[in-house]
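Below is one structure, written out as structure tokens; the observations come after it.
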Amino acid sequence: MIDETLADFLQSGLACAVATRDARLVPDCVLAAGVRIERDRKHATVFLHDTISRRTLANLKHNGQIAVTLEHLPNHHTIQLKGEVTRVSKATEADIADATRFHAGFVKEIEYVGVAPRFSRRLAFLPCHAVTFRVEAIFEQTPGPKAGACLKEAP
Amino acid sequence: MSTRLSELMDCFQGVVPTGIATCSLDGRPNVTFLSYVKYLDERHVALSCQFFNKTKRNIAENPVAAIWLMHPVTREAHRVVIRFLRSEFKGPLFDEMALRIDVIASHTGMSGVFKLLSADIYEVLEIEPVEGHVLPDAEAAEALAAPPVAFRAKGTRGELAALQALSDRISRAECLERLIEALLDSTTELFEVQHAMVLLYDETRARLYTLDSRGYGRGGSGAEVGLGEGLIGAVARSRKPLRVSHAGSDLRYGRAIRRGVEGSKEADKLSREIPLPGLHDAQSQLVLPLVAREKLVGVLALESRDPLKFSDWHEAFLNVAANQAALAIANLQEQEEPEDARPAGESQRLKPLAGRKRAFTFYPQDDAVFVDGQYLIRNLPGRILWKILREFVSGKRHEFTNRELRMDNALGLPPLKDNLESRLILLRKRLEEKCPDVRMVPVRRGAFALESDSELTLSESAQP
């Protein structure tokens with residue numbers, strides 16, 4: 001589902017936003033530390049801060065529907081993954097190591113676009129949950145006429 | 001709602017991309033980043049729509065969305081739930097939001113390709129501070145609470161005092177050159193802005209030319225911008241002020257869209273990218289039109305490397321000053337300056353210093369004058385310079401009056417509103433910048449003398 005080039009891009013430390021929704025179809029938006037593409041290339045794991053993602057985690061427990069958008073801020077290259085959650089758990093040591101790596105990459109990105117380190121390094125990402133989802137569709141999301149185009153759908 | 005939307009004003013500057021989540025009727029969420037959310041009032045925001053995308057389709061099915069607003073400095077975040085009310089396709093709000101899009105489009109060569117489709121208005125249903133998003137930092141809290149920099153030490157009456165000082169300096173200016181100096185000096189000193197320029201509008205050529213500037217070093221006078229071209233040209237055409245925070249981010253956003261258009265059927269409509277005026281690394285700009293009696297007089301442009309240098313407050317405050325300056329400029333341009341009745345030629349002609357030479361070349365094709373092979377000036381100021389240089393070198397005279405320039409049909413000054421004074425100021429500044437040993441020195445009202453420390457040689461060339 002996710003080829004090597006795309007997996008490298010998605011795991012390169014990007015700005016990461018997550019959307020979920022509740023039973024009344026009211027959406028929720030939260031920022032996350034990043035995503036890890038699993039070995040089967042069909043699943044991805046996103047790392048959600050425990051406190052700021054309470055509503056998101058409740059939504060996922062209710063219906064499991066998730067969308068994750070990752071953007072490379074210096075050139076706005078953006079991809080969206082959509083899918084259904086298969087596992088939610090407290091982050092393990094390995095998860096924390098990955099989240100820390102992604103977060104460090106993101107901090108570099110926002111410093112590149114002008115955010116002072118004094119502020120960028122204050123962003124909290126721990127303690128976090130690891131949320132694994134089956135990737136059902138991948139979308140081009142770079143701003144422009146092709147934004148929203150479906151790049152790939154799971155069989 | 002415990003948090004007021006107006007408390008989050010800094011989050012609306014467009015510095016940090018805002019996440020927006022929507023949901024289709026079949027329950028699939030969608031999330032993307034927005035470049036700009038506009039504050040309207042305590043209960044409403046507007047989002048710009050440039051493409052009919054998934055967000056727009058979801059909103060048509062299910063009008064509720066959630067946005068993630070982040071403070072551009074401290075990174076403190078708020079989750080805001082909004083509900084779509086309506087789209088506007090014309091009117092003041094549409095025009096204001098379209099201007100910002102037009103500027104990005106113009107700078108990235110996408111005029112007519114990348115444009116605002118609608119200004120979408122949303123009602124704010126809920127504002128929730130995101131606790132725990134940032135680690136505490138006392139210094140950041142202090143920065144957030146600081147008042148605008150210019151009046152930090154002057155108390156609440158500081159703003160009025162500053163406006164009064166600016167107004168006094170503008171009112172006292174006895175000629176156009178002093179007026180422009182007063183405007184630039186006041187705005188740069190009072191607002192601690194290092195980079196500012198005034199461009200005047202040449203109606204006959206539909207172009208703006210830089211008359212004077214601060215913070216760009218020598219050589220800025222005379223730089224031109226076409227009406228509608230880039231940030232300054234767009235403000236001149238719309239006659240509406242425009243504030244851009246984090247210009248670099250806007251340009252990156254525009255370039256991302258351009259890459260998408262390059263591969264589409266509209267690729268042939270793309271044109272070259274236009275560099276930003278002035279500072280190549282400016283992060284924020286405030287450009288104000290100078291409009292008097294519904295006519296465009298020029299533009300006041302301020303720039304800073306600080307992405308949050310200009311706020312709503314600066315825009316409103318400086319607009320008052322710009323309006324007053326515009327009226328004063330228009331009055332000075334329109335009134336025929338009374339000339340001293342004494343005949344020309346009473347001042348003493350200077351002799352050139354030994355061994356100093358300057359070679360001027362005139363290119364009639366575009367009325368351009370070069371000095372020692374370097375471009376100096378063109379168009380009407382070029383023709384004026386060439387006239388006075390020829391008469392000076394022939395030994396006939398070294399003093400000239402504005403009246404005789406107006407009477408000289410060969411110069412081609414427009415019969416009404418000729419802006420002669422601003423063209424002479426520009427010529428004088430270009431000489432100061434490019435060859436300071438040749439000077440235009442006012443000798444009395446409406447008259448000037450040409451002085452030269454160098455021996456001058458003149459030639460004409462048909463080759464451009």
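Would you please name the residue that is modelled with the lowest pLDDT, looking only at residues in segment B:189-204 that are within 14 Å of the chain's Cα centre (by Cα) and open to solvent by less than 30 Å² (accessible area, probe 1.4 Å)?
That would be B:Val193.
Can you name every residue in segment A:1-26 that is within 12 Å of the chain's Cα centre (by Cα), open to solvent by less than 10 Å² (accessible area, probe 1.4 Å), small (Gly, Ala, Ser) and more than 9 Å from chain B (Cβ to nearest Cβ)?
A:Gly13 - this is the single residue of segment A:1-26 that is within 12 Å of the chain's Cα centre (by Cα), open to solvent by less than 10 Å² (accessible area, probe 1.4 Å), small (Gly, Ala, Ser) and more than 9 Å from chain B (Cβ to nearest Cβ).
Could you check, for segment B:68-81, whether at least one of its residues is open to solvent by 40 Å² or more (accessible area, probe 1.4 Å) and modelled with pLDDT of 90 or more?
Within segment B:68-81, none of the residues are open to solvent by 40 Å² or more (accessible area, probe 1.4 Å) and modelled with pLDDT of 90 or more.
Return yes when A:Ala94 is more than 10 Å from every other protein chain (Cβ to nearest Cβ) and free of Cβ contacts under 8 Å to residues at least 12 places away in the same chain and no when it is not.
On the way: more than 10 Å from every other protein chain (Cβ to nearest Cβ): yes; free of Cβ contacts under 8 Å to residues at least 12 places away in the same chain: yes.
Spelling it out, A:Ala94 is indeed more than 10 Å from every other protein chain (Cβ to nearest Cβ) and free of Cβ contacts under 8 Å to residues at least 12 places away in the same chain.
Among the residues of segment B:376-397, count how many are touching a residue at least 40 places away in the same chain (Cβ under 8 Å) and open to solvent by 20 Å² or more (accessible area, probe 1.4 Å).
Qualifying residue count, segment B:376-397: 4.
How many residues are away from chain A (no Cβ under 14 Å) and either of a type in the set (Asp, Glu) or closer than 27 Å to A:Ala23 by Cβ (or both) if we restrict to segment B:64-120?
6
Among the residues that make up segment B:317-333, is at least one of them on the phi > 0 side of the Ramachandran plot and modelled with pLDDT under 85? Outline the logic, then answer.
Applying the first criterion (on the phi > 0 side of the Ramachandran plot) to segment B:317-333 yields none.
No, segment B:317-333 has no match at all.
Just name the residue that is farthest from A:Ala33 (Cα to Cα) out of those in segment A:126-146 that are at pLDDT below 90 and open to solvent by 40 Å² or more (accessible area, probe 1.4 Å).
Among them, the one singled out is A:Pro145.
Which one is modelled with the highest pLDDT, of the residues in segment B:239-274 that are of a type in the set (Ser, Thr, Tyr) and surrounded by 18 or more Cβ atoms within 10 Å (Cβ to Cβ)? Steps first, answer last, please.
So in segment B:239-274, the residues of a type in the set (Ser, Thr, Tyr) come out as B:245, B:249, B:253, B:264, B:271.
Filter once more, keeping what is surrounded by 18 or more Cβ atoms within 10 Å (Cβ to Cβ): B:245, B:249, B:253.
Numbers: B:Ser245: 74, B:Ser249: 68, B:Tyr253: 68.
The selected residue is B:Ser245.
Is it the case that some residue within segment A:82-99 is closer than 18 Å to B:Phe33 by Cβ, open to solvent by 30 Å² or more (accessible area, probe 1.4 Å) and assigned to a strand (DSSP E or B)?
Taking segment A:82-99 and keeping what is closer than 18 Å to B:Phe33 by Cβ, we get A:82.
Among the residues that remain, those that are also open to solvent by 30 Å² or more (accessible area, probe 1.4 Å) are: none.
No: zero hits.
The values are calculated or read from the model by the stated rules, or taken from the named source; none is laboratory data. The shown structure was predicted, so the numbers you read here are calculated from the model rather than taken from an experiment. Methodologically, a virtual Cβ is constructed for each residue, glycine included, from the backbone with ideal geometry; neighbour enumeration extends over all protein chains shown. For accessibility, only protein heavy atoms count, side chains too; no ligands or nucleic acids. Shrake-Rupley method; radii C 1.70, N 1.55, O 1.52, S 1.80 Å.
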